[in-house]
Amino acid sequence: MVRRIQSGSVARLRLAARQAAALTWATVTEAIQQPLALLLLLTSVLTTLLVPVFQFHRFGEDGRLARDSGLSCMLVFGLVLAAGTAGRSVAGEIASGTAAAAIGKPVSRTTFLLAKWAGVCGVVKVFWVATLAATLAAERGSARFVEQEGFTGYATDALTIALGVAGAALALGVAGAAHYFWRRRFGVAAFLGVALSQVAALAVSEVCGRWFGSRGEAACSAGCGVEGHAHGAAEGWLAYQPPLNLRVVAAAVLVLLALAVFAALATALATRLQTGPALAVCALVLLAGLAGDSFAGGAGGLSVRGLAAGVLPDVQHFWLCDALARGGRIGWPYVAEAAGYALTVCALFLTAGCLSFRGRDLG
Amino acid sequence: MGRCGLGGQPVIETQGLCKTFRDFWRRPTVAAVRGLDLTVTAGEVFGLLGPNGSGKSTTIKMALGLLRPTAGTIRLFGFGPTDRRAKARVGYLPEVTHLHPFLTPRETLVYYASLFGLPLGEARRRAEELLEMVDLKGAAGRPVGRFSKGMARRVGLAQALVNAPDLLVLDEPTSGLDPVGCCEVKELIRLLASSGVTVLMTSHLLADMEDVCDRVAVLARGELRASGRTAELLRQPGVTRFLVDGLGAGEAESLRAELEARAGRPVCCDVPAVRLETFFMQVVSREGSARAFEVAPFLRAARQAREESGA
Amino acid sequence: MSASRARDAVAESVRRCCGVAAVALRAAVRTRMVAALLVLLAACVTGLPRVLKGDGTPSGELDILLRYTLGFSFGLLCLATLWAACALFAVEIASQRMHLAAVKPVRAAEFWLGKWLALLALGAALLTAVYGGVYAQVRVRAWRAGWSAEQRPAGRRVARPLLPSIAEEARETYALMRQRGELPPGLGPGAALRVLAEQAEERYEVLNPGDEVVWKFRLARPPRADEPLLVRLRFDTEYSTREQVAGLCRLWLADRPERVAEVALADFTLNEIVFAVDMRALVNGGAAAGRDVRLAFRHQGDPARASALMMRFRKDVAVLTPGGSFEANLARSALAQLGVLALLAALGLTLSVCFSPPVAAFCATVLLVLALVSGTVVGAVRETGEEGAWMRVGLRIARLVHDVAGQATREEPLESLTRGELIEGRALLAVWLWNGALAPVVLAVFGCGVLRRRELAAGD
C-alpha cells in the first residue's frame, strides 16, 4: 500500500517535472525571440565592451570603471530583461488566453508559474553569461599604465575588445545568414549567437594571450621583464595581454542571484500586473534595496520603514563591486550564504505569486 | 431578390489583383490572392466564400487599403482604396472586433462618428439610435472591455453603420452572435441592400450566405473558382419539386405512384421540415425573447434620400 | 462657395483631431496611468523638499523647491510622456484596433496631431499640478519664515556686459593665431573656429591685485530712481580655491559719469556675490535718460598676499533690473518645459509608428540617454583632446546628438527660475519654435509618411 502511494507520488512528481520542463523550454524560446531581448543583450554587451574605448579621465582606474560598468549593465539591463520576459510570458499569456489553454491541461497553476520563473531565469542566465564575458574582456582591454624599457605610458589590449565587438557582429551576420538560407528564426539564433560569441571571443583572446606570452618569454629573455605581454623587435609593436580578472566572477554570480530574485518578483507581480507596472515596481524595489541602509537604518521593527526593510530584499548583499577594488576578493562562502538568502527571498515571492495566481480568473 | 445591379454602377472593381506576402528579405512566402477579377455593383449583396486561407480577408483588407496589392488594381467607387472620398462611403466590420476596451459603447460610436467629421450633436444622436438598434441601450455606460464577444460584435456592427455607408464590408458578420442576433443581422443586411446599400461579406456559415447574398464568389488558394448569382449557382437543373399543403398520406402515396408511372423513374415524396433556425426563432418569439427589429432612423433617412436620388 | 467648403473641411478636420485626442486622453485617464503619475508626482512634490536638506537660507530652500523638486518631477514627466507616446500608435497597430480607425476618412496627419495634442494636454495638466504644488510651498515658506522682498523669488531682467559676440571673438583669435602660425596642424578652419568659440564662452580673464576692469551694460529700459539695481558677481582663482575677495565696485550712468555709486566688497571667491545699488543716488526721481550703465571693479587685495582673481565675463558678471513677477516667470518656465514635452511626445509618436511598443520605448530611451550623455562626452573631450579613430567616430556621433539635443534644451528655465532671472519672451518663443513646431513637424512628416506606407494588417 505504502509502496503504491510512493510510486504514485513519484509518478506525479515526474509528470510535473516533465510539464515544467516543457513550459520552461517554451518560455525560453518564446522570450529570446522577442526583439527587445536581443536589443537588451546587444546594448549591454556593446556598452560594456565600448566603455574602455570612450574613457576620458584616467586615474589608473580604467579597469575598475570597465568592470563596474559591466556589472551595472548586467544588473540594470538584466532587470529590464527579467521583468519584460516575465510580463510577456505570464501577464501576456493570461491576456491572450495561452495561459488558460495550458492550465486547461492537467497542469497545476503552481507548476505553471514555477516553470515560467525557471524560463525567465534561463533567459537571464544566457544574458548573464554574455555580459560576464564582455565584462571580463572590457576589464582586460582597459588601459593600464606600463613602465618598461623603451615604453612608458598607457597600454591597451585592443585585440580583446576588437574580438568581442567582431564576435557580436559575426554572430548577427551568421544569424542573418541562417535566417536567409535555412529559414532559422533570427531572434533565437542571434540571441544565442551573441552570447556564444562573447565566450568564444574571450577564449580566443586567452589563446592569443598565451601564444603572445610564449613568444614574449623568448623575446623578453633579453631583459624586458613585464608580465603578460610580448613584443617583436622586428615588427616594432607591442602586444599587451594582461591576465583575466577572474575575481569578477564571484561578483557577477551575486548579480545573477539578484536577477533571480527580481525574476521571481516580476513573475509574481505579472500574475496581476502588466509588464510596465511590474517593471516599475521592480525598479522601485531595486532602488529601495540599494538605498536600504539610509532608508531603513535604525528603523524599529513595527514602523513602516522597519516593515519595508523586512519585506524588501536587501540588494546590497548582491552588489559588492567595491569589494573587488585594489585586488580585493569576494569569498565563495559569502556567495553561498547570499545564494541561500536569494533562494529564500525567491521562495517568498514565488509563494506570494502562486497564491495570487490561484485566485486569478483566466477567462 | 432582384436587387442585383440596382444601380448598375460598379462599387468595387478588381483587376488582376494579387497579393504575395514576403519575408524580411523580400522573398515571396505566401501567394494569398492570385489574379482576382471581381466586380461588385451598387445595391447588391455579394458574398466571398472559401476555406481558411483562401484569400477572402486579404481581398477585403486590400479593398479597404489596410494591405497593398502586389499587382493588379482595385477601385472603390472609382477611387483608390486609400482615397478619403471612398473611405467616407464605407463601413467595415472586421472579423474580430478590436475596440478600445475602456470606452463605453456610446463613446465608441461617438468616436468613430467624429472620425467621419460629424458634428458632436449629430454623432451623439446617431450613437443613441444605433445603440437602440443593436439592443445595447441598457449596456451603453459599461466599458466595452467587459462585454461578451456577441455584445462587442454588436458594437462593431453599429460602428460600421455610423456614417450611413453606401458600401458595407462585413467580415464574418454573424460570428459570435446568438441565433437571434444572426437573424437580425441578416434582416439588417436585407433591409440595407433593399435601400441601395452595397454589401460585401464573407462567412463560413454557408446557410447565412445563401439567405442574403445575391451573388457569391468562391475562392480557393487565392484564386477565383466560381462566381455568379446565388440562385443560379444552387439550382439543380432537371429536378422538380412540388409542395402541397393539406394532403393526406394516402393521397400523397397515390400521387407519388402516379408520378413514378409517368416519369418512369423513382419519385421522392416526404414531409418537409422547417429549418432549425426558423424553429428556434418561432420558439423564441413565442417566449417573447425576440424583439421587433428596427433600423436606426438615420439609416432610414439615408435610405429615403438614396431612393429619392435614385428616382 | 469654395470658402465655405474650405471652412467645412477645416471644421471636419478639427473634429477628427479632437476625436482622436479625446480617445487618447480617455485611455490615459481610465487605464489609471494619470492617477499613478499624479500619485508619483505628488509624492515627489511634497516628499522631496522634506527629504532634501537645504543650507537654511531662503535661496537654499528655493534651490531645493525650484531646481530639484521641479527638476525631478519634470524628469518623471519626460519619461512618462516619452513612453506613453511610444505606446500610442504601436499598441493600436499591434492590437488591430487601428484597423477600424484606418478605414475611416482620416489623414495620417490628423491621427498624429490628435494624439500629439492629447499628450500635450496631459503634459500641460500635470505640469500645472506640479507647478501649483511647488508655488504653494514657496508661498507658505515665504509667509512662515517672513522672507524679505529681496529674498522672495522674482523674475529680473539680466543685462550682461557688452562684449564682442562669441563668433566675432573666435574669428579674431583665429586670425591672430593664423598670423602667428600657432594653429595646430591638421585642424581645419571650421573645427578651429568651433573650438575657439567653445573656449571663448568659458574664457577666464585674470585680475591681479590693483587691477581695475570696467564693463558696459545696456539695460532693457532706463533705470528708475525707485528701483534698485542688483549686481551679481562671481570670482574664481587659478586652482578654484576659496579666497578672500576685497574690492570696490562702482556703478554710474553712461550719460552722467559724475555721479557714482560705490560699494565695497568683502566676500569670498566661488560665492555668488549679489548686492543692491540704490539708484536714488544716480537718478533724480523718475527714470534716467539713457539705458547705458557702467560697472567697474577694482581688486583691492594685498599685492603681496592676495591671489589673482579670475572671471568669465560672459557668465560671471550681470546687472539685474526688475522685469516681472515670480508667478509670470513660473508660468514661462512651465511653458518652456511643456515645449520639451511636446518634442518628446513627437519623438515617441514617430517611433511608435515605426516599431512595436517595447522596441519603440527602448529606442526612445536609448536616444534620451545618448542626448544626456553626449554633452558630458563633448565636454570631456574638450578637456582631454581626441585620441584614436574609435574615439573620433564616437565623438562625431556625440557631437551630432549634442547639437540636436542642445537646441531642445538650450534654454534652462529652472536655472533662470532659481536665480531669479526673467525667462525672456524671445527665448521662450525660440524654444517653442524648435521644440513645439519645427522639430515636431519634421518628426510628424516622417511619422505620417511611414504610417501611410505601412501595411496595418496581416493576411488571413
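The values are calculated or read from the model by the stated rules, or taken from the named source; none is laboratory data. Just so it is clear, the model here is predicted, and its values are computed rather than measured. All Cβ positions, glycine included, derive from the backbone under ideal geometry; neighbour counts span all protein chains shown.
Summary of values
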quantity: Selected residue (criterion: surrounded by the most Cβ atoms within 10 Å (Cβ to Cβ)) from residues of the range B:138-149 that are within 14 Å of chain C (Cβ to nearest Cβ) and part of a loop (DSSP other than H, G, I, E, B); calculated: B:PRO143
quantity: Options C:LEU37, C:LEU82, C:LEU88, C:LEU62: the member that is away from every other protein chain (no Cβ under 14 Å) and in a helix (DSSP H, G or I); calculated: C:LEU62
quantity: Positions within the range C:239-258 being surrounded by 12 or more Cβ atoms within 10 Å (Cβ to Cβ) and either closer than 18 Å to C:ASP316 by Cα or touching a helix residue (DSSP H, G or I) at 6+ places or on another chain (Cβ under 8 Å) (or both), in sequence order; calculated: C:GLU243, C:GLN244, C:VAL245, C:ALA246, C:GLY247, C:LEU248, C:CYS249, C:ARG250, C:LEU251
quantity: Evaluation of B:TYR111 against (1) facing chain C (nearest Cβ under 7 Å); (2) within 30 Å of B:HIS204 (Cα to Cα) (one fails), failing number; calculated: (2)
quantity: Verdict on B:LEU36 being buried (at least 21 other Cβ atoms within 10 Å of the Cβ), within 14 Å of chain C (Cβ to nearest Cβ), over 14 Å from B:MET201 (Cα atoms) and free of Cβ contacts under 8 Å to residues at least 24 places away in the same chain; calculated: no
quantity: Residue tally, condition within 14 Å of C:PRO105 (Cβ to Cβ), hydroxyl-bearing (Ser, Thr, Tyr) and at the interface with chain C (Cβ under 7 Å from one of its Cβ atoms), over the range B:57-90; calculated: 0
quantity: Number of positions in the range A:177-212 that are surrounded by fewer than 17 Cβ atoms within 10 Å (Cβ to Cβ), part of a helix (DSSP H, G or I) and without any contact (Cβ under 8 Å) to a residue 24 or more places away in the chain; calculated: 8
quantity: Residues located in the range A:175-184, provided they are more than 18 Å from A:LEU46 (Cα to Cα) and either of a type in the set (Lys, Arg) or under 23 Å from the mean Cα position of the chain (by Cα) (or both); calculated: A:ARG183, A:ARG184
quantity: Counted residues, the range C:69-104 - those being farther than 26 Å from C:GLU412 by Cβ and either not assigned by TED's automatic domain parsing to the domain that holds C:PRO357 or not hydrophobic (A, V, I, L, M, F, W, C) (or both); calculated: 6
quantity: Matching residues in the range B:39-56 - criterion: being surrounded by 15 or more Cβ atoms within 10 Å (Cβ to Cβ) and within 13 Å of chain C (Cβ to nearest Cβ); calculated: B:LEU48, B:GLY50, B:GLY53, B:SER54, B:GLY55, B:LYS56
quantity: Strands (runs of 3 or more DSSP E) fully within the range C:234-324 counting 1 or more residues that are touching a Phe, Trp or Tyr at 6+ places or on another chain (Cβ under 7 Å); calculated: C:244-253, C:256-268, C:292-299, C:309-311, C:317-324
quantity: Qualifying residue in the range B:264-286 (condition: more than 18 Å from B:PRO179 (Cα to Cα) and part of a helix (DSSP H, G or I)); calculated: no
quantity: C:ALA304 vs. criteria loosely packed, with under 14 Cβ neighbours inside 10 Å and either more than 25 Å from C:ARG152 (Cα to Cα) or modelled with pLDDT under 90 (or both); calculated: yes
quantity: Selection within the range A:27-46 - outside any helix (DSSP H, G or I) and within 11 Å of another protein chain (Cβ to nearest Cβ); calculated: A:GLN34
quantity: Qualifying residue in the range B:129-137 (condition: within 14 Å of chain C (Cβ to nearest Cβ) and in contact with a helix residue (DSSP H, G or I) (Cβ under 8 Å, 6 or more places away or on another chain)); calculated: no
quantity: Spans of strands (runs of 3 or more DSSP E) in the range B:189-238 with at least 1 residues more than 22 Å from B:GLU95 (Cβ to Cβ) and without any contact (Cβ under 8 Å) to a residue 12 or more places away in the chain; calculated: B:223-229
quantity: Residues of the range B:91-106 classified as without any contact (Cβ under 8 Å) to a residue 40 or more places away in the chain and more than 9 Å from chain C (Cβ to nearest Cβ), total; calculated: 1
quantity: Checking C:PRO189 against (1) more than 31 Å from the chain's Cα centre (by Cα); (2) loosely packed, with under 14 Cβ neighbours inside 10 Å, the condition it does not meet; calculated: (1)
quantity: Qualifying positions in the range A:241-286 - within 14 Å of another protein chain (Cβ to nearest Cβ) and either part of a loop (DSSP other than H, G, I, E, B) or not aliphatic (A, V, I, L, M) (or both); calculated: A:ARG272, A:LEU273, A:GLN274, A:THR275, A:GLY276, A:PRO277
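Condition check ((1) within 28 Å of the chain's Cα centre (by Cα); (2) within 26 Å of C:GLY420 (Cα to Cα); (3) touching a residue at least 12 places away in the same chain (Cβ under 8 Å)) across all residues:
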site: C:ALA200; (1), (2), (3): yes, yes, yes
site: C:ASN208; (1), (2), (3): no, no, yes
site: C:ALA225; (1), (2), (3): no, yes, yes
site: C:PHE235; (1), (2), (3): yes, yes, yes
site: C:SER240; (1), (2), (3): yes, yes, yes
site: C:ALA276; (1), (2), (3): yes, yes, yes
site: C:LEU282; (1), (2), (3): no, yes, yes
